[in-house]
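Heads up, the thing below is written out as structure tokens.
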Amino acid sequence: MSAEHQVARKIADDGEQYLRLSVGGTEFLLPSGASIAVEPREQLTAETGHRYIVAWRAVLSDRWPVFHLEGDLSTRSERPWAKAVFIDAKPFPVGFTTEDILLLPRDLRVEPFTPLGRLPTAAGPVFSGAVVRGEEVQLLLDPLALAAYLQYLGAQ
Amino acid sequence: MSSPRPEGVHALIIPLQGSVLVVPSAMIAEVVPVPQRLGRIPLSEPWLLGVFGWRLRPVPVVSFNHLLGAEEPPASRRSRLVVFYPLPGRAAGDFFAVLSALEPQPRLLEDGQEFNETSTGPEGIALMTRLGTVKALIPDLDALMKRFYPSAVA
């Protein structure tokens, strides 16, 4: 067994589970442990005055932003969305929109995958793995890099 | 007594837009049809066309036309993906593919007979020359390493 496959098997053996998210019509994977909350749209406070933030989640005296994402991870606000997924970040968690979420079985085989070229965020590549089914590939989101990307948008 | 085998390099001629890429055949793992749908890679370089599954691995697809600053015409039924072995020093699974406008052709390049009018090429190209009447490009592997894996090379 190659070193890469050992890595892939180790990921699976560690018992990590993954969420399959439909984001702007494209399916991505996210380690389930990276999601600290999922909220239906109805439970969130809508935001209309920000370029990228479309809602907020009130948490005690704090509030967490929700960014609208398309399938190319751009922030055009065109497609209806149903839920927000929140991932941990400092100083506060950040969320993004999704149409659908499914918790996948544990036996998923995740291969290492890093896109070629320059890194899109200071936190590294937004994708850290992939699941291959025939010729089709679903990319695994890296929560730290995705949070950094969303925070960058929030600062615009 | 058998005649001596001609010396030279077994190459694959990969058709691009208005030119061909010339690479040693030993760099190529397989030539495959273009899948109906390439997976998109958001927030990636414009020359990274997407990703597809090959032998249970995710393989990124590179547009050499884009790398050279030209437009990449849409893939046709005659287009192919040329899967390259990992570049020297990379992990065993770091395959990548290049979009070819047509089926690539094997060719034996004999020493000193094929190339003429050589000149240095744009970034990513070690040598520009002519192969018959066609502009031929020989890739610069060090430059490709820098474009593909900038954080590893830096």
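Values quoted throughout were computed directly from the atomic coordinates according to the rules given, and no laboratory measurement underlies them. If you're wondering where the values come from, they're calculated on a predicted model, not measured in any experiment. Using ideal geometry, Cβ is built from the backbone for each residue, glycine included, and neighbour counts are taken over all protein chains shown.
Here are some notes:
- Gain in span if fully extended, residue A:43 to residue A:100, counting 0.36 nm per residue against the direct Cα distance: 18.9 nm
- Dipole orientation for the protein assembly as shown: of the candidates A:44, A:95, A:66, A:44 has the Cα lying most toward the positive pole (charges on Cβ; Lys, Arg +1; Asp, Glu -1).
- Test item: Cα-centred dipole of the range B:1-91, Lys/Arg +1 and Asp/Glu -1 on Cβ, debye: 360
- Placing pseudo-labels 7 Å out from each Cα toward the beta carbon at residue B:31 and residue B:146 gives an inter-label distance of 3.1 nm.
- Most fluctuating residue given options B:101, B:92, B:136, as computed from a GNM of chain B linking Cα atoms under 10 Å: B:92
- 5 angstrom amide H check on residue A:35, placed H, neighbours 5+ away: none
- What the Cβ-Cβ distance of residue A:82 and residue A:109 gives, at R0 = 30 Å and to the nearest 0.05, is a FRET efficiency of 0.60.
- Normalising the average separation of contacting C-alpha pairs (under 8 angstrom, six or more residues apart) by the number of residues puts the relative contact order of chain B at 26 percent.
- Ordering A:108, B:84, B:131 by the projection of their Cα atoms onto the charge dipole of the protein assembly as shown, which places +1 on the Cβ of Lys and Arg and -1 on the Cβ of Asp and Glu, puts A:108 at the extreme positive end.
- Whole-Hz couplings from phi, Karplus 6.51/-1.76/1.60, listed for the range B:25-33; x for Gly and Pro: 4, 5, 7, 9, 8, 6, 10, 10, x
- Per-residue Cβ neighbour counts within 10 Å put B:25, B:76, B:63 in the sequence B:76, B:25, B:63, beginning with the fewest.
- Think of it as helices only: each DSSP H run of n ≥ 4 in chain A is worth -39500 (n - 2.57), and spread over all residues that comes to -4500 deg cm²/dmol at 222 nm.
- The angle separating the long axis of helix A:3-13 from the principal Cα axis of greatest extent in chain A is about 60 degrees.
- Cα-centre dipole for the protein assembly as shown with unit charges at Cβ (Lys and Arg positive, Asp and Glu negative), debye to 20: 260
- Karplus (6.51, -1.76, 1.60) ³J(HN,Hα), θ = phi - 60°, over the range B:87-98, in Hz, Gly and Pro reported as x: 5, x, x, 8, 5, 4, x, 7, 5, 9, 10, 10
- Summarising the overall dimensions of the protein assembly as shown from its C-alpha atoms, the Rg and Dmax are 22.8, 91 angstrom.
- Paramagnetic reach from residue A:156 (point 7 Å along Cα→Cβ, amide N under 12 Å) across the range A:52-70: A:52-53, A:68-70
- Cα Rg, Dmax, chain B, angstrom units: 16.0, 61
- Size of electric dipole in the range A:23-156: Cβ of Lys, Arg +1 and of Asp, Glu -1, about Cα centre, debye, nearest 20: 340
- Here the Karplus curve 6.51 cos²θ - 1.76 cosθ + 1.60, taken at θ = phi - 60°, turns the phi angles of the range A:134-140 into couplings of x, 8, 8, 10, 10, 8, 9 Hz, with x standing for Gly and Pro.
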